[in-house]
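See structure below.
Here, each number is a calculation from the coordinates, and none is a lab measurement. In this text, all values refer to a predicted model and were calculated from it rather than measured experimentally. Methodologically, a virtual Cβ is constructed for each residue, glycine included, from the backbone with ideal geometry; neighbour enumeration extends over all protein chains shown.
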Amino acid sequence: MEISALCIGLILSLGLCELNSALALNGSEDDVKQRAGLTEDRTGAGVSTQTSSVKCKRQGTTRLPVFSTDGDYVIGGVFSIHQYVYTVNNNYTTMPEPLRCTGSIKTRELRFSRAMIFAIEEINNSTELLPGIKLGYQIYDSCASVTVAVHVAFQLSNGLDPVFYTGDNCSQSGMVKAVVGETGSMPSISMSRIIGPFNIPQVSHFATCACLSNKQQYPNFFRTVPSDQFQADALAKLVKHFGWTWIGAVRSDSDYGNNGMASFLDAARKEGICVEYSESFHRTHPHSRIQRVADVIRRSTAMVVVAFVALGDIRILLDELSLEPSPPRQWIGSEAWVTDPELLKFIFCAGAIGFGIERSVIPGLRDFLLDLSPSKVSVSPVLTEFWEDAFNCRLGKSAAKDERLCDGTEDIKTLQSPYTDTSQLRITNMVYKAVYAIAHAIHKAVCQETNSTTQCDKFTRIESKEVLTQLKKVNFSRNGYDVSFDANGDPVARYELVNWQKSESGSIKLVTVGHYDASLPVGQKFKVNRNITWVDGGTQVPVSVCTDSCPPGTRKVLQKGKPICCYDCILCPEGEISNATDSPDCFPCPKEFWPNAERDTCLPKPVEFLSYNEVLGIILATFSVGGACLAIITAAVFYRHRKSPIVRANNSELSFLLLFSLTLCFLCSLTFIGAPSEWSCMLRHTAFGITFVLFWITFIPAYLSSPGKFTVAVEIFAILASSFGLILCIFAPKCFIILFKPEKNTKKHLMNKNQP
């Protein structure tokens, strides 16, 4: 009943039935039956007249598959073999024309569709997988259009018969059991919403939007290609690995581009990466929009451009950029375009790097692809178009004046085309694995393992829901590649890091230079194992920063109103250092250390002292000892003549105290000479302090301005000058009178101040 309701709801919503209700119409019973399509046919094959079984006629034009064959179980396939849809201006007075594809054939997509056929034929010839059962296929060209993909999805859900029955006995005979495709994320999203309610599983080979991992929204969706969430993280780590902190970003204005870039920007911010600009566009946008994005890239200061762009979009952007070459740019590509051989013609993108799906080998595929002859090609419109474009001739009996007829000498083995190039099988292997995953799910649903033999009943009627259930459990290996899905329908994320390198002939070739495996531990996921050729063929990693790194000895100061990657470098203040690049702060040196001239390291303060072995030390020591001796001699003279009037008049006790202080003052200078020690440093400053106080003030400026050991010399000079000044000014005249003018050493003379 659930399937019946879904069938009727779908049919009525599309207006596919020409059914008039008997309750709403006037006329005979035969008229009602005739209008409802319930009359007997002319062959006598009766049709039930119960209202629960209604014969319906599909409205509109049935879209024919590009490749199809019947089988016990049919698998659908949807590929973007063409890139555009012919635009029709509807006048709403006549039936619209069916949508038609335009543009040249994308031979890579043609290879995908043929790889699906190859895999199905390989399975049909297998004695291990689905023995005795033939798989059929219906493969459509979506023209990279959501509208066409939706049309195809409805047909895959209902079959191709123009007349069909609905009601309680609505069967799934017209439904495919599963669908391989679509190539793009946007068409895949639309298809999943249509076939999802019918529980038809969809396995995409190239739809990478992280949004499709949401099982609440897309419960029937699986894919053999990794989700963009893994790629976004890998790209952010790649950019960080090469030290790029100032980048530009362009994306497709689609679910693929917008979701992928959002994931990348979030991961990039966590890595400290800044974005100068982020532009979006779509191949259907006006030329002015594409031109504006190209101009932004040309005018930007960011050397690196990260492009999360669909294949059809990036081709248009690169075409625009090739008209007026921009300054050299280092392109970082998403897997949607970075491994496409048709883009290698854009020489100015040489040096581009990005993550691509791992290369693989599919034995026998090349021979299958080359097994085309004019007779086989002529029965398929798509192959005919491909053949005529490839060899520039017309298949048939007539040709225009400027065209030639194909004469049968054309040999596809001599053709240089992405269709025949099997040296870089990446997404093709994703198609191959998708077909095998569906086949394994059908195998589990219809086959029984008994006594080491496999028995499959091709008459077993299975619903697509059973295939969906079994698809969640598949786990097998084919050609050395494991196939399984996690709870979100995603495979294990593994990428190759590819590099666009110029060959000796000047052409560009894809070279694998590293790997990324999301299943490995942190720190081991990303590896670069070969030399990378950068933009313009350089071997040095290009620099892409808003501001050059601040060297040690400086600190970063953010520029107001700018991203965190834009800053000024300020020299560390006096007494502080920074010993790391891009240091946010400076810090002071430890005690007994001081900064070097560059202020990027702390050096031990040198032990510099006034030695007794140098001339200055000897002279100062001599004056110190001499001064002390002079003070002692003076004291002896005063003591010897302590009874004389001049000594008595000058307070002999105070004189002896001053002479004692002068002796110590002279001698304390000796503590400043020689290697300093803890006790000498304590003693010298104490002694000096005391003496300085005394002596389908002028010493201070001289002391402070003298460096190194000359500080000590100035201190000694101050002590000696003060001491000698005192002894010469105070005691020298008295000693002179005592020793040489004894006649004046009388009380009478001292009291007579007016006498000379």
Under a plain spin-label model, where a point goes 7 Å from the Cα along Cα-to-Cβ, how far apart in nm are Y84 and V625? 10.7 nm
Geometric extent, Cα atoms of the chain - Rg, Dmax (angstrom): 47.6, 173
For segment 196-237 versus segment 397-439, the gap between their alpha-carbon centres in whole angstrom: 28 Å
Can you give the FRET efficiency to the nearest 0.05 for T127 and R193, using r as the Cβ-Cβ distance and R₀ = 51 Å? 0.85
If I model a spin label as a point 7 Å beyond the Cα along the Cα-Cβ vector, how far apart are those points for N392 and R404 in nm? 0.9 nm
Segment 485-633 - convex hull of the alpha-carbon atoms, volume per residue in Å³: 306 Å³
Taking every DSSP beta bridge that has both residues in the chain, what percent is antiparallel when rounded to the nearest 5? 55 percent
In terms of Cα to Cα distance under 17 Å, which aspartates and glutamates are near enough to K376, apart from those fewer than 8 places away along the same chain? E121, D367, E385, E388, D389, D407, E410, D411
Using DSSP, restrict attention to beta bridges with both residues in segment 57-145 and report what percent are antiparallel, rounded to the nearest 5. 40 percent
Using only the alpha carbons, work out the radius of gyration and Dmax of segment 391-514 in angstrom. 22.7, 68
Low-density loop trypsin sites (Lys or Arg not before Pro), segment 231-296, at most 16 other Cβ within 10 Å, DSSP non-H/G/I/E/B, are none
Can you list residues whose amide H is under 5 Å from S334's amide H, if they're 5+ apart or on another chain and H is modeled 1.01 Å from N? A307, V309
Extension gain from R461 to S378, taking 0.36 nm per residue of separation minus the Cα-Cα distance: 26.3 nm
Rounded to two decimal places and with Rh computed the Kirkwood way over Cα pairs, what is Rg over Rh for segment 554-604? 1.07
What's the center-to-center distance, using Cα atoms, between segment 262-340 and segment 621-689 in Å? 87 Å
Over the C-alpha atoms of segment 332-387, what are the Rg and the largest Cα-to-Cα span, Dmax, in Å? 16.3, 44
Can you tell me the FRET efficiency between L603 and V557 if r is taken as the Cβ-Cβ distance and R0 is 25 Å, rounded to the nearest 0.05? 0.45
If you project the alpha carbons of segment 334-467 onto their three principal axes, what span does each projection cover, largest first, in Å? 65, 47, 26
For C143, which sequence-distant residues (separation of 5 or more, or a different chain) have an amide H within less than 5 Å of its own amide H, given hydrogens modelled in the peptide plane? I81, H82
Semi-axes a, b, c in Å (a largest) for segment 307-356, each sqrt of 5 times a Cα gyration tensor eigenvalue, come to 16, 12, 9
